[in-house]
Amino acid sequence: MIRTYRETDLEEMVRIWYEASVIAHPFVPASFWASHKSAMKEKYLPLAENYVFEQEGKVTGFISLVGEKVCAIFVAPEMQGGGIGKALLEHAKLLKGRLSLKVYRDNKKAILFYEKSGLRAVGEEVDEHTDCLQVLMEWEISYLGFKTLMHEDFDA
């Protein structure tokens, strides 16, 4: 089930963010992620529009949005590969109609996930915090395809 986050979810969200970040980004020292735990809990997550994926009363993943920008999407490492990330991203697509995000270029698994989800690379930039290269990715609903489909339905 996807729901709006509660303040009581923050501790688990930070745990998921930290553990998944360390695994997905071996090219960034774990100490970098550890040094940002407090800021994630006290500053970044509370300022975002957050949705959590909950299974059997436990938060197993989350997505954080600021406008149409995906600032974070993380799934507990032990739960990855089960469709949680896809469900969260699809939820955000339905809410926003257009999404953008940045992903480290060396995180090949995430880039493949986003490409399979319909996002496309539109540029690159260096992350000022890690000096790692990031790929800028975007997705937008295809209104033309929707209108064409609707037109065909009415012509039938």
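Quick note: the coordinates plus some simple rules give every number you see, no bench work behind them. Because the structure is predicted, anything quoted here is derived from the model rather than measured. With ideal geometry, Cβ positions are generated from the backbone for all residues, glycine too; neighbour counts draw on all protein chains shown.
Between Glu49 and Lys108, 0.36 nm times their residue separation minus their Cα-Cα distance comes to what?
Contour length minus the Cα-Cα distance gives 18.6 nm.
Could you run the Debye sum over the Cα atoms of the chain, one equal point scatterer each and no solvent, and tell me log10 of I(q)/I(0) at q = 0.21 Å⁻¹, two decimals?
-1.53
Subtract the Cα-Cα distance of Glu90 and Glu68 from 0.36 nm times their separation in residues, and report this length gain in nm to one decimal.
Stretched out fully, the Glu90 to Glu68 stretch lengthens by 6.6 nm.
Would you list, by chain and number, the lysines whose Cα falls below 18 Å from the Cα of Lys108, excluding same-chain residues fewer than 8 positions away?
Counting by Cα, and skipping residues close in sequence, Lys108 has these lysines nearby: Lys86, Lys116.
Can you list the GluC sites (Glu not before Pro) in the range 24-98 that are in a DSSP coil and have 11 or fewer other beta carbons within 10 angstrom?
Answer in residue order: Glu56.
Among the aspartates and glutamates, which fall within straight-line cross-link reach of Lys109, defined as a Cα-Cα distance under 14 Å, with same-chain neighbours fewer than 8 residues apart omitted?
Of all the aspartates and glutamates, none pass the test against Lys109 - Cα under 14 Å, at least 8 places apart if same chain.
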